[in-house]
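Here's the structure, in structure tokens; my notes come after.
The values are calculated or read from the model by the stated rules, or taken from the named source; none is laboratory data. Please read these numbers as outputs of a predicted model, since none were measured by experiment. When we count neighbours, we look across all protein chains shown, and the Cβ atoms used for this are built from the backbone with ideal geometry, even at glycine. Note: areas computed on protein heavy atoms with side chains; ligands, DNA, RNA excluded. Shrake-Rupley method; radii C 1.70, N 1.55, O 1.52, S 1.80 Å.
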Amino acid sequence: GVITLHDNHYEYITMTVISACDSEMMNARTMAANLAAGVGDVDLGNKLGVQFDQAGDTVEVPVRINADGLLKNFQIDIDIDDSVFEAAACDMGAQWTGMWSCTLNDPANKVTIIGNDADSAFSGSELEVAIIYLTVKSSALSPIGGRVVELTQYVNGVGSRADSSVIVAGDGFVNVGQTNARRLSAVRDVRRLQQALQLAAMPQRRQLEASAFATEEIIRLVETEWQMTSDCDATNDVLGDLDGDGSFSSYDVYAASIVFTGINLGEVSYAGLCPVVQQRLDQTLNGKFGLADISYLLAIVARKLRFVTNVNVNASDVLAGENGELTVRVSLADETGAAVTSQTGVRAEISYLAAESAANYSVGSSAGTSPDGYWLPPPPGGGPP
């Protein structure tokens, strides 16, 4: 007969087979119900044995992607019960070496993992891209699951972007209990040693080649997939939306990577792009586009940095020998485009020639000076400078 596994189970199960002709003829076997991910799906937890297990106060959750092509970009949300777990740490997996970010506790019941590498050559059914470490706060039978927000790969030389979907193979439960043992650091050290050995055995990552992207694809993206009309006006005002789908995600980071590659190959001119496209690419606000801007976009998707939507400096009352105020106002937006009102700090460096004079702050306070002698005022509200 054939047995089909339909779901994961949090503990070992015993399967008993009894002959229909002779009830005394039977056999039993203990096994783990642990699904493997299909193409484009994500697996969470152990490859073998039960899906999740607890070591001391820690549950280790490897995150693996099944990519039948070259994995280029991913954005994965892992959902946990924050009354049972605290997301304590996160490391990059052994099968990923590109741009990477892991956001913990923002919000407390979600872990967001993002990766982007237009030059990636990783492909396989069990690509480990992250390891999450959960600290057990209370005893419970608790679910762990999530969603594949973005998954882009190259299959037979053609780009393939998957629709957003729930995680299937990685969805499951874990039975945990409180313990006095504090094992997080020990569990993490063992995993990092295993990763180092895996990485040492891997072939050298290939360098960017002109053949990595067809000229036609770069031109198609720039000319037909930007959400621009003929006069370069944007058809939507979604911050960071580079592919024209009306939303901002890790795929827009990937789109920026392709344009960067096009610039390196001499197929795209940054100066020749529509001004609004240049603005959405230039997140560091230095009038240029480079790897730092791609990293900044990825950090915004990961909720670690913010869009700077406006900077206003009023120095009209600053006169030599007088006490006029210098006012700096910065407007910020989060990854959804909403105005930021919390969990954010702004760093400002202010150049002042009369360094021997002390600055007086009507809002905020001094955070010392930079190596160049600039004032470093922290933002109102006590955030980091």
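Structure notes:
- Pair list, Cβ < 6 Å and 6+ apart or interchain, from the range 84-98 residues that are over 16 Å from Asp119 (Cβ atoms) to residues that are of a type in the set (Phe, Trp, Tyr): Ala88/Tyr133; Ala89/Tyr133; Met92/Trp100
- Being in contact with a His (Cβ under 8 Å, 6 or more places away or on another chain), under 30 Å from Gly177 (Cα atoms) and either not charged (D, E, K, R) or not in a strand (DSSP E or B) (or both) holds for only one residue in Val61, Val50, Val111, and it is Val50.
- Residue list for the range 77-89, restricted to those being closer than 24 Å to Ser125 by Cα and surrounded by fewer than 22 Cβ atoms within 10 Å (Cβ to Cβ): Asp77, Asp79
- Within the range 27-45, one or more residues are within 20 Å of Glu128 (Cα to Cα), aliphatic (A, V, I, L, M) and buried (at least 22 other Cβ atoms within 10 Å of the Cβ).
- Leading residue by the ranking (nearest to Phe173 (Cα to Cα)) among those in the range 46-73 that are small (Gly, Ala, Ser) and open to solvent by less than 10 Å² (accessible area, probe 1.4 Å): Ala67
- Every test in (1) assigned to a loop (DSSP other than H, G, I, E, B); (2) free of Cβ contacts under 8 Å to residues at least 40 places away in the same chain; (3) in contact with a Phe, Trp or Tyr (Cβ under 7 Å, 6 or more places away or on another chain) is passed by Gly240 save one, and that test is (2).
- Members of the range 347-373 found to be surrounded by 10 or more Cβ atoms within 10 Å (Cβ to Cβ), aliphatic (A, V, I, L, M) and either modelled with pLDDT of 85 or more or more than 38 Å from the chain's Cα centre (by Cα) (or both), listed by number: Ala355, Ala359
- Among the residues of the range 119-149, those that are open to solvent by 10 Å² or more (accessible area, probe 1.4 Å) and under 16 Å from Tyr251 (Cβ atoms) comprise Arg147, Val149.
- Residues satisfying the stated conditions in the range 91-122, i.e. at pLDDT 95 or above, touching a Gly at 6+ places or on another chain (Cβ under 9 Å), farther than 13 Å from Phe74 by Cβ and of a type outside the set (A, V, I, L, M, F, W, C): Lys110
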